[in-house]
Amino acid sequence: MLKSIQAGAIAASLLASPVVFAQKADSPQSKKDVIAKILKIQQPAIEALTMGVLSRPVNELAAKAAPALRNVPEAKREATAKQIDADLRKFLEDNAKPLVDKGMKLAPSTMGVALDEKFTEDELKQLLAWLESPVSKKFAESSQELQSLYTKKLIDDNGKQLDEKFTALQQSVAKQLGLEAGPAPAASAPKPAAKPAPTPKK
């Protein structure tokens, strides 16, 4: 989830919509200035969305690699896991900043155009006032802690039960395919190579 829930929700909804809006030639400069300020405030949310695009396939690759490690000789298994983890992290570190920079350059011609099309200048001013308010900033700063508390409690209360159900599902599918099912990855134990993507360096 994004660092700023309210700003992130706006960014996500705009990114999810097809960018088919034509730039309004008659938009006053005052409206464009408000949009620019909103996009600046949304920068952490935009960066998080961009990192999600980059890290999603990496995490999927890590998830696929974890079961395959069982086929690696035990003597080499730990070293192989560490090397894969290092390779995935290096990929993220090498590509994070360039992709985020490109994403920020795209924001005005995508999100900015959509904001111009969907909102009146008065509505944008109301939105900007909320995003700049102390309450909004405090809520954004607290959102990560709120999400962490929720996620931890969810896993603590349900992780073991979900692990057991997933193991049964995995065994059923493997049996139908005539394969031998290995142990399922635990929901309460994240895979070493699937750690959260590092924050892009400025």
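The values are calculated or read from the model by the stated rules, or taken from the named source; none is laboratory data. If you're wondering where the values come from, they're calculated on a predicted model, not measured in any experiment. As a convention, Cβ positions derive from the backbone with ideal geometry for all residues, glycine included, and neighbour counts pool all protein chains shown. Calculation scope for accessible area: heavy atoms of the full protein, side chains included, ligands and nucleic acids excluded. Shrake-Rupley method; radii C 1.70, N 1.55, O 1.52, S 1.80 Å.
Residue 140 fails exactly one of the following numbered conditions: (1) among the small types (Gly, Ala, Ser); (2) surrounded by 12 or more Cβ atoms within 10 Å (Cβ to Cβ); (3) within 30 Å of residue 67 (Cβ to Cβ). What is the number of that condition?
Going through the list (1) among the small types (Gly, Ala, Ser); (2) surrounded by 12 or more Cβ atoms within 10 Å (Cβ to Cβ); (3) within 30 Å of residue 67 (Cβ to Cβ), residue 140 breaks only (3).
Out of (1) closer than 30 Å to residue 113 by Cβ; (2) open to solvent by 50 Å² or more (accessible area, probe 1.4 Å), what's the single condition that is false for residue 51?
The failed condition is (2).
Filter region 52-77 for residues that are touching a Leu at 6+ places or on another chain (Cβ under 9 Å) and over 26 Å from residue 98 (Cβ atoms) and give the result.
77
Among the residues in region 78-94, are any part of a helix (DSSP H, G or I), at pLDDT 85 or above and over 22 Å from residue 57 (Cβ atoms)?
In the first step, residues of region 78-94 are kept if they are part of a helix (DSSP H, G or I); the result is 78-94.
Remaining after also requiring at pLDDT 85 or above: 78-94.
Checking which are over 22 Å from residue 57 (Cβ atoms) leaves us with 78-79.
Yes, region 78-94 has at least one match.
State whether the residues of region 119-127 include one that is hydroxyl-bearing (Ser, Thr, Tyr) and assigned to a helix (DSSP H, G or I).
Residues of region 119-127 that are hydroxyl-bearing (Ser, Thr, Tyr), as a first pass: 120.
Those still in the list that are assigned to a helix (DSSP H, G or I) too: none.
Looking for residues that are hydroxyl-bearing (Ser, Thr, Tyr) and assigned to a helix (DSSP H, G or I), one finds none in region 119-127, hence no.
Filter region 85-94 down to residues that are touching a residue at least 12 places away in the same chain (Cβ under 8 Å) and open to solvent by 60 Å² or more (accessible area, probe 1.4 Å) and give me whichever is nearest to residue 51 (Cα to Cα).
Let us first name the residues in region 85-94 that are touching a residue at least 12 places away in the same chain (Cβ under 8 Å), namely 85, 88-89, 91-93.
Checking which are open to solvent by 60 Å² or more (accessible area, probe 1.4 Å) leaves us with 89, 91, 93.
Numbers: 89: 13, 91: 12, 93: 11 Å.
Among residues in region 85-94 that are touching a residue at least 12 places away in the same chain (Cβ under 8 Å) and open to solvent by 60 Å² or more (accessible area, probe 1.4 Å), the one nearest to residue 51 (Cα to Cα) is 93.
Select, from 36, 75, the only residue that is assigned to a helix (DSSP H, G or I) and touching a residue at least 12 places away in the same chain (Cβ under 8 Å). Even if it seems obvious, please write down each step before you answer.
Numbers: 75 fails: touching a residue at least 12 places away in the same chain (Cβ under 8 Å).
The unique qualifying residue is 36.
Let's see how each residue does on (1) loosely packed, with under 14 Cβ neighbours inside 10 Å; (2) more than 22 Å from residue 35 (Cα to Cα); (3) free of Cβ contacts under 8 Å to residues at least 24 places away in the same chain:
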site: 57; (1), (2), (3): yes, yes, yes
site: 67; (1), (2), (3): no, yes, no
site: 81; (1), (2), (3): no, yes, no
site: 100; (1), (2), (3): no, no, no
site: 113; (1), (2), (3): no, no, no
site: 148; (1), (2), (3): yes, yes, yes
site: 153; (1), (2), (3): yes, yes, yes
